[in-house]
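Reviewing the structure listed below.
The values are calculated or read from the model by the stated rules, or taken from the named source; none is laboratory data. Note that the structure is a prediction, hence the values are computed from the model and not measured. All Cβ positions, even for glycine, are placed from backbone atoms using ideal geometry, and neighbour counts span all protein chains on display. Heavy atoms of the whole protein, side chains included, go into the accessibility calculation; ligands, DNA and RNA do not. Shrake-Rupley method; radii C 1.70, N 1.55, O 1.52, S 1.80 Å.
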Amino acid sequence: MLRLEKLVKTYKTGDQALQAVDMDIPEGQVLALIGPSGAGKTTMLYCIAGLIDNMEGSIYWGETDLLQLKSKDRTHYRSDHIGMIFQDFHLFDELGALTNASLSAMYVHQSERVNLKKHAKVILEHLGLDDINAPVNRLSGGERQRVAIARALAQQKSILLADEPTASLNREMADPLIDDLISYVKAEGQTLITVSHDINLLSQMDRTLELKGGNITNSTKVKAL
């Protein structure tokens, strides 16, 4: 379960990106952060991943308050529990799709590496990537997005955070990917928190939270839990 208590993030300019945000998200919920540009959505996503410093308040994942951890301990927590899908992919262009998707195999025990790579291969094929060995610098934006999503799913973390996961896809490509992503996280019991403007993705959420000016202004239940 995620619980935010009076979370504040202030920029060096003095402007507040997040203003004393309180929020509870049950384990296994599929939720979207929505709102206008500049509302603080991506900042909140990065805060709850422990990727941003100099915050006030509390960010509890279960009994662990990320803000009470040192930077290296937050990194370890994120490595153990959180998968990330970044809007700009963060892929290694010279490496193949499968190598990128299974990159976390470099950081796990040798006994786990074969299974992780097999899992990454299955997910890439499930997401419809034709050539899983092609260098990602030869792939389209939509194909690169699939690799980024496969990388996050292959790690099998209990928490998945996604920043505009369908932004690079046309409608024909996005809809089956949305179905695959949601069915996968539901089957695995993962908590998914995404920033998105995609109406079709939002319709698959359990709940949406609207941010404006660094505050949650509306919470809407989309689907019956």
ask   = So what is the accessible area of the chain per residue, in Å², with the probe set to 1.4 Å?
value = 49
inquiry  = 7 Å from Cα along Cα→Cβ at both Thr64 and Val222: what's the point-to-point distance in nm?
reply    = 2.7
remark   = Given backbone amide H placed at 1.01 Å from N, residues whose amide H is under 5 Å from that of Ile85, ignoring those fewer than 5 places away on the same chain, are Leu161, Ala162, Asp163
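Not counting the cut sites, what is the longest span of the chain without GluC sites (Glu not before Pro) that DSSP labels loop and that have at most 16 other Cβ atoms within 10 Å? Let's see the in-between values first.
On the way: sites that count: Glu27, Glu63, Glu94.
Value returned for the longest uninterrupted segment is 95-225.
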task = May I ask you to derive the FRET efficiency for Lys212 and Lys186 from their Cβ-Cβ distance with R0 = 30 Å, giving the value to the nearest 0.05?
result = 0.55
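Cβ under 11 Å from Met1's Cβ, Met1 left aside: what net charge do those residues give with Lys, Arg +1 and Asp, Glu -1? Don't jump to the answer; show the numbers that get you there.
Numbers: positive: Arg3; negative: Asp24, Glu27, Glu63.
Charge balance near Met1 sits at -2.
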note = Distance in nm between Ala167 and Asp88 label points, each 7 Å along Cα→Cβ, equals 1.0
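Which of the three applies to segment 27-95, rounded, prolate or oblate, going by the alpha-carbon gyration tensor with a ≥ b ≥ c and a/c under 1.5 meaning rounded? Spell out each step's value before the answer.
Values: a/c = 1.56, a/b = 1.13, b/c = 1.38.
The shape class here is oblate.
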query = At what distance in nm do the modelled label points of Gln156 and Asn54 sit from each other, each positioned 7 Å from its Cα along Cα→Cβ?
reply = 4.0
request  = Select from Met205, Met84, Met55 the residue whose mean-square fluctuation is largest in a Gaussian network model of the chain (Cα-Cα springs shorter than 10 Å).
outcome  = Met55
